[in-house]
Amino acid sequence: MSKVNLYKFSAPATFYGLAGQMIPGFAILSAILFAAGLYISFFVAPTDAQQGEAYRIIFIHVPAAWMSMFIYVVMAVYSGIGLAFNTRLSAMMAQALAPTGALFCFIALFTGSFWGKPMWGAWWVWDARLTSQLILFFLYIGFISLQAAIEDPKRADRAGALIALVGVINVPIIYFSVKWWNTLHQGASISFSKAPTMAHTMLAGMLVMAVACWTYTIAIALYRVRLIILERERHTTWASEILGGAK
Amino acid sequence: MKILAWVVKRDLLLAMRRKSDVLTTLFFFVIMASLFPLGVGPEPQLLKQMGPGVVWVAALLASMLSLGRLFSADYADGTLEQMLLCPESLALIVLAKAAVHWITAELPLVAFAPLLGLQFGLSEQALWVLIASLLIGTPVLSLVGSIGASLTLGLRGGGVLVSLLVLPLYIPTLIFGAGAVDASTSGLGAQGHLSILGALLVLSLLATPKAAAAALRISLE
C-alpha cells in the first residue's frame, strides 16, 4: 500500500466507507472460526487426564486474556499516534477498542474463577496473574470513564490518550510488583508456569479461538468506530446524508 | 530553578493561610486507620499484622482525596492559565506544586504514622521502617497523582474519577511500602523494598512532571 492511501484512509469520511466494507468479512470469518473453535474444543479435543472436562474453559479463557492485554497495547499505540500526529481517527479507534478490551478482561477473570473453583477450590486467589489482570481491568475502566466524563471530544481524546500511555508504562511495573508481592506472601501455591504439555488438538482449538477473538475484535471495533465517526461528524454534509438516508 | 522555589514558596504561603485543609486530610487519615480495629476486632496479633498495610492504604486514600487541591484553586482564579502562558517550564511548575502537595498533605501523615503504628502494636524497628517507607513512597503518590489531578481538572465528578485513574497506578507504591515493614518484621530486612521505592521515586520524578504538564495543556486548551 502506498503512503497516499494511508493518508487517504486516515480521514474519518473515507475510513467510514472502508470500515463498512471490512466489517462483513471479519464478522463472517469470526463466526466461522468461533464455530470451528468451539467444535474443536468441545468434541475433538480429548478430556484432560488431570483436570477432566473442566479444563475446556481455557479455550475461551486464554484467548480472552491474550486479547485483553493485546488490546491495551494497541490502544496505547493508537493513543501515541493520535497525540503525536494529531490524527482524530487514532483516538476514535482507541475509544472503540476500549470496551472490547474491558469485556475480554472481564471474561478472562470470570471464566478463570469458574475454572479456579473446581481446580483450586477457591473462586479467587491472589495469584500474580489474577491480580494484575484485575488491575488491568481497573485501568480499562479508568480510561473509559475518563473519556465518558469529558464533554469536549477533542479534550476527551487527548486526555484518554495520555492516560492510556501512562497506563501502558505502568502495566509492566504493576505486573512485576504484584508478582514479587505474591512470591513474598507465601500464599498462592498454584503456579501456571509449569503447565503440562498440551495435546495438539487442544493447542489447535485454543489458537482457532484466539484468531476468532481477533477477528471479532476487529469487526466490533470497526463497527463501533463507524458509529463514533458518525456521531462526531454529524454536522458534515456526508454524514448528514448517511444519517438522513438511514431515517 | 528560580521558578521552582517561587512556586513552592507561594503555594506554601497559600496553604498556610488555610490550615484547615491540611488538618482535614490529616484527621481523615487518623480516623480511617482507627476504623480498622473497630471493624476487624481488637486481636493484637491480627492488628500487628495488618498495621503497616492499613496505615499505607489510609495514606493512599488521604493523599488521593487531597489531590483536588493541587490545581483547582489556581484553575478557578485563572492563575493556572497564566502559568501555562509563561515562558518557564511547565513541568517545573508542576513539580513544585507536587512538592507542596507532598509537604502539606503527606508530610503531616508521615509525622502521625508512628502514632497509628503504636495503636496497631508495631515494634519500634517496624515503626522506623514505616516512617522510612512513607518518606520515600509518599512523594511518588503526589507525583503520580498530579497526572490524575490535571486530567480531571474542571470535570463534573472529578473527585471520584481521579480515584479510578490514580488508585491502580498507586498499587506498586503500596506493595513495596507496606511490604518494607512486613519484610523487616519477618527478618528479611527492608532494604530491598526501600530501594525499589527509591527507584519508583526517581522514575516518577523524571517522568510524571512532563506527563502532568502535557495533561494540563490538554485540559486547559
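The values are calculated or read from the model by the stated rules, or taken from the named source; none is laboratory data. Small disclaimer: the values here were computed from a predicted structure and weren't measured. Neighbour counts are summed over all protein chains in view; Cβ atoms, including those assigned to glycine, are modelled from backbone coordinates with ideal geometry.
Tell me, which residue of the stretch A:183-207 that is assigned to a helix (DSSP H, G or I) and modelled with pLDDT under 70 is surrounded by the most Cβ atoms within 10 Å (Cβ to Cβ)? My answer is A:Leu184.
Quick one: would you say A:Ala108 is more than 12 Å from chain B (Cβ to nearest Cβ), among the aliphatic types (A, V, I, L, M) and buried (at least 22 other Cβ atoms within 10 Å of the Cβ)? Judged against the criteria, A:Ala108 is a match. Counted as qualifying within the stretch B:90-199 are the helices (runs of 4 or more DSSP H) with 2 or more residues that are of a type in the set (Val, Ile, Thr) and at pLDDT 90 or above, namely B:90-101, B:124-151, B:158-185. Of the residues in the stretch A:54-64, none is surrounded by fewer than 13 Cβ atoms within 10 Å (Cβ to Cβ) and in a helix (DSSP H, G or I). Checking the structure you have, find out if any residue of the stretch B:186-195 is at the interface with chain A (Cβ under 8 Å from one of its Cβ atoms), out of contact with any Leu (no Cβ under 6 Å at 6 or more places or on another chain) and either under 14 Å from A:Leu162 (Cβ atoms) or surrounded by 22 or more Cβ atoms within 10 Å (Cβ to Cβ) (or both). Scanning the stretch B:186-195, I find no residue that is at the interface with chain A (Cβ under 8 Å from one of its Cβ atoms), out of contact with any Leu (no Cβ under 6 Å at 6 or more places or on another chain) and either under 14 Å from A:Leu162 (Cβ atoms) or surrounded by 22 or more Cβ atoms within 10 Å (Cβ to Cβ) (or both), so the answer is no.
When B:Ala76 is tested against (1) under 28 Å from A:Ile163 (Cβ atoms); (2) touching a residue at least 40 places away in the same chain (Cβ under 8 Å), exactly one condition is not met: (2). Among the residues of the stretch B:90-124, those that are within 23 Å of B:Gln49 (Cα to Cα) and among the aromatic types (Phe, Trp, Tyr) comprise B:Phe112, B:Phe120.
Looking only at residues in the stretch A:141-177 that are assigned to a helix (DSSP H, G or I), β-branched (Val, Ile, Thr) and within 7 Å of chain B (Cβ to nearest Cβ), which one is farthest from A:Arg129 (Cα to Cα)? Talk me through it step by step, then tell me what you get.
Quick first cut of the stretch A:141-177, residues assigned to a helix (DSSP H, G or I) only: A:141-149, A:153-177.
Going one step further and asking which of them are β-branched (Val, Ile, Thr), we end up with A:141, A:144, A:163, A:166, A:168-169, A:171, A:173-174.
Still in the running and within 7 Å of chain B (Cβ to nearest Cβ): A:141, A:163, A:166, A:173-174.
Working: A:Ile141: 18, A:Ile163: 22, A:Val166: 20, A:Ile173: 13, A:Ile174: 11 Å.
Checked the stretch A:141-177; the qualifying residue farthest from A:Arg129 (Cα to Cα) is A:Ile163.
Restricting attention to the stretch A:89-97, does a residue exist that is at positive phi and away from every other protein chain (no Cβ under 14 Å)? No: zero hits.
Can you spot a residue in the stretch A:33-51 that is hydrophobic (A, V, I, L, M, F, W, C) and closer than 30 Å to A:Ala161 by Cβ?
Looking through the stretch A:33-51, none of the residues is hydrophobic (A, V, I, L, M, F, W, C) and closer than 30 Å to A:Ala161 by Cβ.
Of A:Thr111, A:Thr47, A:Thr100, all but one fail to be at pLDDT below 85 and polar (S, T, N, Q); the exception is A:Thr47.
With respect to A:Trp120, is the statement that it is farther than 25 Å from A:Leu165 by Cβ, away from chain B (no Cβ under 12 Å) and crowded, with 16+ Cβ neighbours inside 10 Å true? Quick ask: steps written out before the conclusion?
On the way: farther than 25 Å from A:Leu165 by Cβ: yes; away from chain B (no Cβ under 12 Å): yes; crowded, with 16+ Cβ neighbours inside 10 Å: no.
Here the answer is no, as A:Trp120 does not meet what is asked.
Comparison of B:Leu155, B:Leu122 shows that the only residue that is over 30 Å from B:Leu38 (Cβ atoms) and either in contact (Cβ under 8 Å) with a residue 60 or more places away in the chain or surrounded by fewer than 23 Cβ atoms within 10 Å (Cβ to Cβ) (or both) is B:Leu155.
Residues that are in a helix (DSSP H, G or I) and more than 8 Å from chain A (Cβ to nearest Cβ) within the stretch B:204-221 comprise B:Ser204, B:Leu205, B:Leu206, B:Thr208, B:Pro209, B:Lys210, B:Ala212, B:Ala213, B:Leu216, B:Arg217, listed in sequence order. For the stretch B:98-105, indicate whether the set of residues that are more than 13 Å from the chain's Cα centre (by Cα) and either aromatic (Phe, Trp, Tyr) or surrounded by fewer than 22 Cβ atoms within 10 Å (Cβ to Cβ) (or both) is non-empty. Checking the stretch B:98-105: not a single residue is more than 13 Å from the chain's Cα centre (by Cα) and either aromatic (Phe, Trp, Tyr) or surrounded by fewer than 22 Cβ atoms within 10 Å (Cβ to Cβ) (or both).
Kindly indicate whether B:Ser184 is hydroxyl-bearing (Ser, Thr, Tyr) and within 25 Å of B:Leu200 (Cβ to Cβ). Quick ask: steps written out before the conclusion?
Working: hydroxyl-bearing (Ser, Thr, Tyr): yes; within 25 Å of B:Leu200 (Cβ to Cβ): yes.
Yes.
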